[in-house]
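Asks: Before I ask anything, here is the structure I am working with.
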Amino acid sequence: RYPLLKSFVYSEELKGQPSEKPPSIDTMRKLELIDYEPASEPGMFRFYPNGALIKDLLEDFAYDVIVKGFQAMKIDTPIIYNFDEPDIKAQALAFRERDYRIETPKKTLILRFAGDFGLFRMMKDTIFSYRHLPLRIYEISPSFRKERRSELVGLRRCSFFHMPDLHSFCKDMNQAKKEFEIIFKKYTEILNAMNIDFALCFRIVESYYKELKPMLIRLLKHANKPALIELLGEAKHYWVCKSEHQAIDSVGGNAQLSTVQLDVEDSERYGILYVDKDGKKKGCIIVHTSLGSIERLIYAILETALKVKKNPTLPLWLSPTQVRIIPLSEKYVNESIELMKRLEAEKIRVDVDDRPESVPRKIRDAELDWVPFSIVFGPKEMESGKLRVRIRRTGKVVTMKLDELVKMIKKETEGMPFRPLSVPKLLSKRPTFVAWTS
């Protein structure tokens, strides 16, 4: 009845992750988005121009949601720290040595595996009072985890990733529960809007279950999904309640995307204190949240697209090329470029296939590139002012005016970030990025 939840429980609790690799690995390479980097550590990737564009757009999206939407303050902190610092050493050891260390003559350095190191030290030195709470701090956190080679699976699990982390510092449990609920609902709405398939999971320390149960019921009603609820006899980490949106791929594998965590320990442990009404310094409750690593979001988006057996398509706002113009012959290249400029003026990513190839070959290549809209442009289009637009998602060719096409694209991409094309506008000027072969 609930296939996504069933698949998650099966892989999480019974069978483990499937040995079969998810199809997103081959797809990210075929589309010239992302590939393995053989000169680096296993599980680290090179992003080709179109992959880097998608990554940038997702980071822009996270910024809009968290900084503009939640009114968080953006910070930036180092990626390398002194392992001999007591708090950093304690946190690293709690992660069971899944970290990269650099030995120097005088000390041991560590690459961060989460966004807490610099943030917590910054907040320890920050003066703030109850009037500032909830205080929201945001950072895109480049993170490193030394995963076992057998655990690495494409973008589902990698060794270097980028986490859009939000930490909300709250006065007490009531304020923290409200913050938890606001963020969970927003992240759920975002994943639904992106058509990403996910299962829900809550992990809760048993002594907190009674207090948090009313909130959980509200969250489940809002998500309109069943969930796995795991009760823990005692706290194993800093949090006492954690939500997980788990992406489920086409081979039955799962990966945590967004999470919201209720932390009752780290404020006092790291000396992060606020000044209360009575003038005394007190510890916060910290709500740790992430929309999901950028890499896993790309994995989930590709896997969701690939579940459509015919004409899989990226969300239009993430498609590297949104419109491709195919001149009927060489003499229509200049007119195609002029049409391209008109579309560019509307903030649409568009290119022109000016290569000396046949029109059928160019149409086929547009399909292989997952271009959402392609136009064959010739004398009829010049004379009539109407365009024959091939829509990838439906496989149909529709006649429409330019302003109708623009309106269609604008409607589908409304409210989403935009960046210009990341590669040359003319296909004849583009190199081919060849996938690395292991």
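The values are calculated or read from the model by the stated rules, or taken from the named source; none is laboratory data. Source: prediction; values computed, not measured. Cβ atoms come from the backbone with ideal geometry, glycine included; neighbour counts cover every protein chain shown. The accessibility values were calculated without ligands, DNA or RNA, using every heavy atom of the protein model including side chains. Shrake-Rupley method; radii C 1.70, N 1.55, O 1.52, S 1.80 Å.
Asks: Is it true that some residue in segment 266-280 is modelled with pLDDT of 95 or more, part of a strand (DSSP E or B) and surrounded by fewer than 23 Cβ atoms within 10 Å (Cβ to Cβ)?
Replies: Yes: one or more hits.
Asks: In segment 345-367, how many residues are within 20 Å of R392 (Cα to Cα) and either aliphatic (A, V, I, L, M) or open to solvent by less than 80 Å² (accessible area, probe 1.4 Å) (or both)?
Replies: Number of matching residues: 13.
Asks: Right, next: Quickly run through segment 218-234 and pick out the residues that are loosely packed, with under 15 Cβ neighbours inside 10 Å and on the phi < 0 side of the Ramachandran plot.
Replies: Residues satisfying the conditions are R218, K221, H222, P226, I229, E230, L231, G233, E234.
Asks: Is it the case, given these coordinates, that I88 is modelled with pLDDT under 95 and buried (at least 18 other Cβ atoms within 10 Å of the Cβ)?
Replies: Here the answer is yes, as I88 does meet what is asked.
Asks: Out of R324, R342, R361, I need the residue that is without any contact (Cβ under 8 Å) to a residue 40 or more places away in the chain and either among the small types (G, A, S) or over 27 Å from E181 (Cα atoms) (or both). Which one?
Replies: When all the criteria are applied, what remains is R361.
Asks: Hey, does segment 375-392 have a residue that's over 14 Å from S336 (Cα atoms), in contact with a Leu (Cβ under 9 Å, 6 or more places away or on another chain) and assigned to a loop (DSSP other than H, G, I, E, B)?
Replies: The answer is no, given that none of the residues of segment 375-392 is over 14 Å from S336 (Cα atoms), in contact with a Leu (Cβ under 9 Å, 6 or more places away or on another chain) and assigned to a loop (DSSP other than H, G, I, E, B).
Asks: Ok, one more. When you scan segment 311-340, how many residues do you find that are open to solvent by 30 Å² or more (accessible area, probe 1.4 Å), out of contact with any Gly (no Cβ under 9 Å at 6 or more places or on another chain) and assigned to a loop (DSSP other than H, G, I, E, B)?
Replies: 1
Asks: Turning to a different aspect of this structure: Please name all residue pairs, on different chains or six or more residues apart, with Cβ atoms under 8 Å, provided the first residue is in segment 410-427 and is under 15 Å from P49 (Cα atoms) and the second residue is at pLDDT 95 or above and of a type in the set (S, T, Y).
Replies: If the second residue must be at pLDDT 95 or above and of a type in the set (S, T, Y), the pairs left are L421/T321.
Asks: Have a look at V371, V308, V287 and point out the one that is closer than 30 Å to G253 by Cα, part of a strand (DSSP E or B) and within 31 Å of the chain's Cα centre (by Cα).
Replies: Exactly one residue qualifies, and that residue is V287.
Asks: Restricted to segment 395-418, and to residues that are assigned to a helix (DSSP H, G or I) and among the aliphatic types (A, V, I, L, M), which residue is surrounded by the most Cβ atoms within 10 Å (Cβ to Cβ)?
Replies: Going through the qualifying residues, I end up with I409.
Asks: Out of the residues in segment 54-82 that are of a type in the set (D, E, K, R), within 30 Å of T313 (Cβ to Cβ) and surrounded by fewer than 17 Cβ atoms within 10 Å (Cβ to Cβ), state the one that is nearest to the chain's Cα centre (by Cα).
Replies: Top of the filtered list is E59.
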